[in-house]
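Working notes, structure below.
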Amino acid sequence: MDCNEEPQPFGIGEQRACQHPDIVGAGRKERAGIAEMIIGLGELSVIAVIDLTRAFRLPRIGAVGRFLPREGVARHHTIEWLMWQMGGFGPTLGHAHYFLSYNHGRAPFAEELFRKDTVRLYQTLDGRLDGREYLVDGYSVADMAVWPWVSRFQRHGIDLGDFPNVCRWYLQLAARPQVKRGYEVPHFTGPVPLPPGV
């Protein structure tokens, strides 16, 4: 929205193969009818705060601005992998938890579907991490968003040994003191899960 533009109402649009409705903007002509999925708005809000902090040269608050590249290809790829987590990895693994761990044997078709898709997504992640220390150039919000889902690899029926790049990345992040502390939020439920033989 421009400075001279009046706020316009938003409507709830169609739902695209997920439980999250779209928000349809009714603003300027070139944006009218453009839908944004609600699922990504929280993360994009954080990115917007980072941008505002930079634009107005406000003092950085804690880690604001440290885990999202300022510009260019690295910024684009960080947002891209954050959206990959929100649009595919997280939702699919959430369904995998439900069918493979909590309701095992009750829906064989769904179990097989989510087992295969979970493997496919781990293969995608493994390919991305081939030759890379992190998902993008450095430790970023994308790594922070994906890692907690991988930490439930046992619920997914995944052997991290089958995905050596994911396993290396997972263990590297698990060794960070900040990640260990974050894993205990909101309360301690046990140590960070490690693959067998580690």
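We did not get these values from a lab; they are worked out from the coordinates using the rules stated. What you are looking at is a predicted structure, and each value in this text was computed from that prediction instead of being measured. Cβ atoms come from the backbone with ideal geometry, glycine included; neighbour counts cover every protein chain shown.
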query = Taking a point 7 angstrom from the Cα of Asn165 along the C-beta vector, which residues in region 117-142 have backbone N less than 17 Å away?
reply = 119-140, 142
inquiry  = Could you tell me the relative contact order of region 87-198? Use alpha-carbon pairs under 8 Å, at least six residues apart, and round to a whole percent.
reply    = 26
request  = Can you check what the net charge comes to around Leu100, using other residues whose Cβ is under 15 Å from the Cβ of Leu100 (Lys, Arg +1; Asp, Glu -1)?
outcome  = +2
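Is the C-alpha gyration tensor of region 72-182 telling us rounded, prolate or oblate? Criteria: a/c under 1.5 is rounded; beyond that, a/b larger than b/c is prolate, otherwise oblate.
Working: a/c = 1.97, a/b = 1.68, b/c = 1.17.
In terms of gyration-tensor shape, prolate.
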